[in-house]
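**Student:** Have a look at this one before I ask anything.
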Amino acid sequence: MPMVKLQLLGFLLISCLTISGQSLFPGAEGYGAFGRGAYGGDRLPQLVVVSNLNDTGPGSLRAALNKDFPRIIVFEVAGVIELKRRIRVLSPYVMVAGQTAPYPGITIKNWSLSLGTHDVLIQCVKVRTGLESGRQIDGINIADNPQKVYNVMIDHCSVSWGLDENIGVLKGGKGICISHCIIAEALDYFDHSCGLLAMDTEEISIIKNLFIHNSDRNPLVRGDTKKAIVVNNLVYNCDSHAIYFGTPGQQRKGMQIAALNNFYEPGAENRNQYIISISPEIVLQSKIFLDGNMTGHYFAGKPSHRVLVHNPGKRTVITNKVPLKYPEFNLIEVQEIEKYLLKNCGAFPNQRDPIDNRLIAEMINRKGKRIVNPQEVGGWDMTTNNHVLDFPVNLHADDDEDGFTNLEEWLNALINKGCDSVNSFSF
């Protein structure tokens with residue numbers, strides 16, 4: 001594909017026909033995979049360049065996200081954005097293309113990235129919250145009401161050091177998906193080290209994520225959630241629960257859930273030996289289909305075994321029939337999950353920063369621990385960098401006629417380049 005060097009000071013608009021009937025990006029999976037993100041509106045998206053690490057003002061990430069038109073946000077700067085308050089995204093049709101930043105990428109610190117709109121794609125962004133807020137907040141928060149919040153995908157992100165959940169989804173609509181993320185080291189500062197909560201949400205997919213060093217909720221699906229698939233995730237070194245299907249919501253609606261080919265590797269001091277836990281209070285109308293899940297127990301003096309389900313209330317919610325229509329996804333054999341995820345998860349999987357490299361090494365070597373303060377593991381990598389981006393010619397054209405614009409294919413290639421040889425780890 002021919003390339004052209006462009007130094008953008010604001011935004012660039014290229015006109016062409018609107019594209020519809022295509023998936024969100026090549027290889028998109030799960031509920032929301034056939035949303036169109038920034039291309040989902042009746043206008044073509046504009047490119048907005050983040051050129052500094054300021055919390056506010058021209059060239060900042062906050063200013064880009066607050067635009068009220070369809071937009072694809074790209075980065076000519078790398079480093080840590082130290083927020084003074086949360087970023088709340090309310091205008092739809094937005095893609096945050098963190099993969100366009102130079103090494104070591106973009107990190108959001110101190111406060112939440114909060115999504116309260118529809119048709120959103122966040123890729124290759126690192127959210128590492130920390131203790132600065134003094135409040136029990138999520139790293140990424142997806143919440144408002146189902147009519148406003150739908151077709152939201154968090155893909156290839158690294159989310160850690162949250163004070164409530166690393167990722168929280170509350171009252172989402174259809175098409176919510178968390179995929180290919182590293183969700184790690186939720187802080188135990190408030191005795192609440194939790195990976196991911198999905199509550200009162202119409203549809204959610206949790207696909208191909210690494211959950212590392214979170215005490216609980218890896219994930220937790222609960223409340224009046226209607227449909228959930230939890231597929232091809234790996235949980236390492238949690239404590240009270242790995243994958244948890246929990247308590248009812250106010251409407252006491254039954255959930256429809258499928259958990260397929262997930263893997264749980266306990267740490268040396270974990271209290272929990274089960275990959276699946278079911279709340280004694282779960283609504284009896286719920287239907288949970290389980291297949292291909294596996295544990296690899298690591299308790300000293302005990303052999304590995306495959307105890308799968310903790311169901312202390314003996315709730316009759318497990319079914320042998322799939323209770324929901326699957327969205328599109330590629331199911332990986334559980335024996336291959338660790339190898340695949342260690343190579344392909346998180347922001348910049350082909351060139352991880354020191355924090356993600358440490359987490360991956362701890363997973364491989366079965367080391368590490370849950371933490372209270374990021375300084376226990378060295379804190380943030382404050383490296384900065386900048387570059388001038390080279391964009392494809394005719395951004396919104398589709399030169400190879402495969403349904404994706406030249407810009408979309410270029411952005412996707414930035415994520416996938418080099419994944420198969422990442423960091424020279426051997427398995």
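**Student:** Sort 66-78, 218-230, 357-369, 98-110 by packing, meaning the average of other beta carbons within 10 Å per residue, with the highest value first.
**Tutor:** Sorting 66-78, 218-230, 357-369, 98-110 by mean packing, highest first, produces 218-230, 98-110, 66-78, 357-369.
**Student:** Rounded to the nearest 20 debye, what is the charge dipole size of the chain about its Cα centre when +1 sits on each Lys and Arg Cβ and -1 on each Asp and Glu Cβ?
**Tutor:** 1140 debye
**Student:** Report the local net charge at N151: Lys and Arg +1, Asp and Glu -1, summed over other residues whose C-beta lies under 12 Å from its C-beta.
**Tutor:** Charge balance near N151 sits at 0.
**Student:** What aspartates and glutamates could a cross-link reach from K367, if we take a straight Cα to Cα line under 12 Å and drop same-chain neighbours fewer than 8 places away?
**Tutor:** Qualifying aspartates and glutamates at Cα under 12 Å: E265, E269.
**Student:** Of K67/K126; K287/K314; K171/K321; K227/K325; K253/K287; K227/K321, which pairs sit farther than 18 Å apart, going by alpha carbon to alpha carbon?
**Tutor:** Result: K67/K126; K171/K321 exceed 18 Å.
**Student:** With the chain treated as a Gaussian network of Cα nodes joined by springs under 10 Å, which of L163, L210, L395 yields the largest mean-square fluctuation?
**Tutor:** For the chain, modelled as a Gaussian network with Cα springs under 10 Å, the answer is L395.
**Student:** Moving to a separate point now. Which percentage, to the nearest 5, of the DSSP beta bridges contained in the chain is antiparallel?
**Tutor:** DSSP beta bridges in the chain are roughly 5 percent antiparallel.
**Student:** Right, another one. Among Q273, H180, N344, which residue has its Cα furthest toward the positive end of the charge dipole of the chain, with +1 on Lys/Arg Cβ and -1 on Asp/Glu Cβ?
**Tutor:** Q273
**Student:** Next question. Once you list every other residue whose beta carbon is under 14 Å from the beta carbon of Q285, what net charge do they have if Lys and Arg are +1 and Asp and Glu are -1?
**Tutor:** Taking every other residue near Q285 into account, the sum is +4.
**Student:** By how many degrees, 0 to 90 and rounded to 10, does the Cα axis of helix 354-365 deviate from the longest principal axis of the chain?
**Tutor:** Approximately 30 degrees, to the nearest 10.
**Student:** If you place +1 on the Cβ of every Lys and Arg, -1 on the Cβ of every Asp and Glu, and leave all else neutral, what size is the dipole of region 108-229 about its Cα centre, to the nearest 20 Debye?
**Tutor:** In total the dipole reaches around 240 debye.
**Student:** Is the shape of region 208-265 best called rounded, prolate or oblate, per the rule: a/c under 1.5 gives rounded, else a/b larger than b/c gives prolate, else oblate, with a ≥ b ≥ c the square roots of the Cα gyration tensor eigenvalues?
**Tutor:** Oblate, because a/c is 1.5 or more while a/b does not exceed b/c.
**Student:** Quick one: grab the alpha carbon gyration tensor of region 242-283, order the square roots of its eigenvalues as a ≥ b ≥ c, and give me rounded if a/c is under 1.5, else prolate or oblate depending on whether a/b is larger than b/c.
**Tutor:** oblate
**Student:** What is the helix-to-structure angle for 406-416, meaning the angle in degrees between its Cα long axis and the longest Cα principal axis of the chain, kept from 0 to 90 and rounded to the nearest 10?
**Tutor:** Here the helix axis deviates by roughly 40 degrees.
**Student:** Specify the residue with the greatest mean-square fluctuation among E265, E409, E203, computed from a Gaussian network of the chain linking alpha-carbon atoms under 10 Å apart.
**Tutor:** In this elastic network of the chain, the residue with the biggest mean-square fluctuation among E265, E409, E203 is E409.
**Student:** Using only the alpha carbons of the chain, determine the length spanned along each of the three principal axes and report them from longest to shortest in whole angstroms.
**Tutor:** Dimensions of the chain along the principal axes of its Cα atoms: 60, 43, 40 Å.
Every read-out reported here was derived from the displayed coordinates using simple, explicitly stated rules and does not represent laboratory data. Note that this is a predicted model, so its numbers are computed, not measured. Every residue, glycine as well, gets a Cβ built from its backbone with ideal geometry; the counts of neighbours run over all protein chains shown.
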